[in-house]
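**Student:** Here you go, one structure.
The values are calculated or read from the model by the stated rules, or taken from the named source; none is laboratory data. Model, not experiment: these values are computed from the prediction. Cβ atoms come from the backbone with ideal geometry, glycine included; neighbour counts cover every protein chain shown.
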Amino acid sequence: MASVVYSWLNAANGSSQRNVINVTKGGSNAQIKFVFEDMGGSGGNIDYGLWSPPYTVKINSNGEIPWTLNTSEVPQRVDLKSLLIHELGHVFLGGGHTGYSGSCMHTFDSYAVRRSIGWCVENVTHDYYDPPKNVTLYNSFGGNGLMKVDGSQYSIPSSGKTFYWRQSNFPHTLEAVNNQNVDGYVWVFYKWVKGSSHYDNNIVVTINPPASSTVNYTANFDPTYTVNFKNSFPGVGNAGTIKVNGSTYNVTTPDFSVESGNTIAAEAPYQQYNGIYYTFSSWSAGGSNPRTFTPAVNTTYTAYYTGSLQPVTITSYSGPAGTPVVISWVPNPNNNVVYKVHRKIKHQSGTWTGPDLLATLPNTTSSYTDNGCMFTNGYTNDLIKYDIRPYYSVENISAPESWVTVFGNGTFVPKRIAIASGLLPTENSLGSYPNPC
């Protein structure tokens, strides 16, 4: 009888032999009882044995059944072990008979020897006492990701990865792999979901056997977007500086990581670059300046600018009496800036005339000699103003007017030189200083 019990125990415990179930031997505490009892019957109407739920096997001892443990005596005698295997199957499985005639759980046949439980019934028994659990694991961002299971790292496809574990194999540990770089985004873990319900916020969790045969666990991640900033100066492109979260950076800025739902602040400042003054016009993503961005993809935010010019700084506009008027200035460093020299004249007791465009000078020029006017040793004739006006060809813009009145040394004032009509041009384009005119 003990060997029959252990046959079923082995079936229940499976190949792992994890002692899914145990039995207590002997005494009133015995979990399985075998009872020899006169169950009556005669001829073809005999119950050879009977199981009485939950744990009792009754063996008919009416004196008419020729029991044997020697299989060579079958079918003249009835194999007691085959009966015990059959009836104990009812105890372990709690069910009825199978339709397969070769199974030990087919309706008992006194003329057959069925001492083997068989792989099919054994698997059923093992599944009954140590049910398999199909645990499928996912990452919320889909495929090409990773996850650690019981300390070992696995690739998790978009269809999930399923582990087949017996109930006795539990518990298991799952660990989300944080900051994975998948499909161009860095993914930051924030919670576990079991089925469709929140499970845990810890990156490492322990899972116990589920009540159902299948269960899904999903590591949920938020994407982290890669964001940077640049400027767009007309005709120049990306140059200058920009402020991000209060700090100033040369553009293009370094990459900033912004987790989904979070924000990043930027400001496009008024700035001077290579002699041109740039004022913010618009963002590529729209909005005011400064502004806060909430990225939803990896992106570059561009600040668009318009340029402007400031008047030149005059460094000298005086000279000895009798010499032509010479005006000097600090040159603009931008090679696309030229200088347009304008002049106004007020004759004695007259009104201002002009302005006249005297010359367009290249960027390398830093002074202009007006051969049409000279310094005198007193105010006798003309008062003259000059405007050295920068012009930026890339944006077709000029600096605002900025006139200076020219005086001579001491009390000298300039005097207009009388030149024959037609000999004094209204505009000179000079390639370099000094003026060849």
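**Student:** Within region 386-401, track down each residue that is among the polar types (S, T, N, Q) and not in a strand (DSSP E or B).
**Tutor:** Correct list: SER393, ASN396.
**Student:** While we're looking at this one, here's another question. Looking at ASP200, ASP130, ASP150 in this structure, which one is surrounded by 15 or more Cβ atoms within 10 Å (Cβ to Cβ) and either assigned by TED's automatic domain parsing to the domain that holds SER257 or under 30 Å from ASN13 (Cβ atoms) (or both)?
**Tutor:** ASP130
**Student:** Starting from residues that are under 60 Å from the mean Cα position of the chain (by Cα) and aliphatic (A, V, I, L, M), keep the ones in region 311-326 and report whichever is surrounded by the fewest Cβ atoms within 10 Å (Cβ to Cβ).
**Tutor:** ILE314
**Student:** With (1) assigned to a strand (DSSP E or B); (2) in contact with a Ser or Thr (Cβ under 9 Å, 6 or more places away or on another chain) as the list, and THR252 as the residue in question, which single condition is left unmet?
**Tutor:** (1)
**Student:** So VAL330 fits all but one of (1) touching a residue at least 60 places away in the same chain (Cβ under 8 Å); (2) surrounded by fewer than 16 Cβ atoms within 10 Å (Cβ to Cβ); (3) among the aliphatic types (A, V, I, L, M); (4) closer than 30 Å to THR365 by Cα; what number is the exception?
**Tutor:** Here VAL330 clears every test but (1).
**Student:** Name the residue that is nearest to THR300 (Cα to Cα), counting only residues in region 244-286 that are among the charged types (D, E, K, R) and without any contact (Cβ under 8 Å) to a residue 60 or more places away in the chain.
**Tutor:** Among those residues, the one meeting the criterion is ASP255.
**Student:** With the structure loaded, tell me whether THR173 is of a type outside the set (A, V, I, L, M), under 20 Å from the mean Cα position of the chain (by Cα) and part of a strand (DSSP E or B) or whether it fails that test.
**Tutor:** Here the answer is no, as THR173 does not meet what is asked.
**Student:** Related question: Return the residues of region 277-299 that are within 17 Å of the chain's Cα centre (by Cα) and surrounded by fewer than 16 Cβ atoms within 10 Å (Cβ to Cβ); say none if nothing qualifies.
**Tutor:** THR294, ALA296, VAL297
Matching residues to (1) among the aromatic types (Phe, Trp, Tyr); (2) closer than 30 Å to PHE256 by Cα; (3) modelled with pLDDT of 95 or more:
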position	(1), (2), (3)
GLY94	no, no, no
ALA112	no, no, no
LEU137	no, no, yes
LYS148	no, yes, yes
THR162	no, no, yes
TRP192	yes, yes, yes
ASN202	no, yes, yes
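**Student:** State whether one or more residues within region 203-213 are of a type in the set (A, V, I, L, M, F, W, C), part of a strand (DSSP E or B) and free of Cβ contacts under 8 Å to residues at least 24 places away in the same chain.
**Tutor:** The answer is no, given that none of the residues of region 203-213 is of a type in the set (A, V, I, L, M, F, W, C), part of a strand (DSSP E or B) and free of Cβ contacts under 8 Å to residues at least 24 places away in the same chain.
**Student:** In contact with a Ser or Thr (Cβ under 8 Å, 6 or more places away or on another chain) and at positive phi, is that true of GLY246?
**Tutor:** No: the conditions fail for GLY246.
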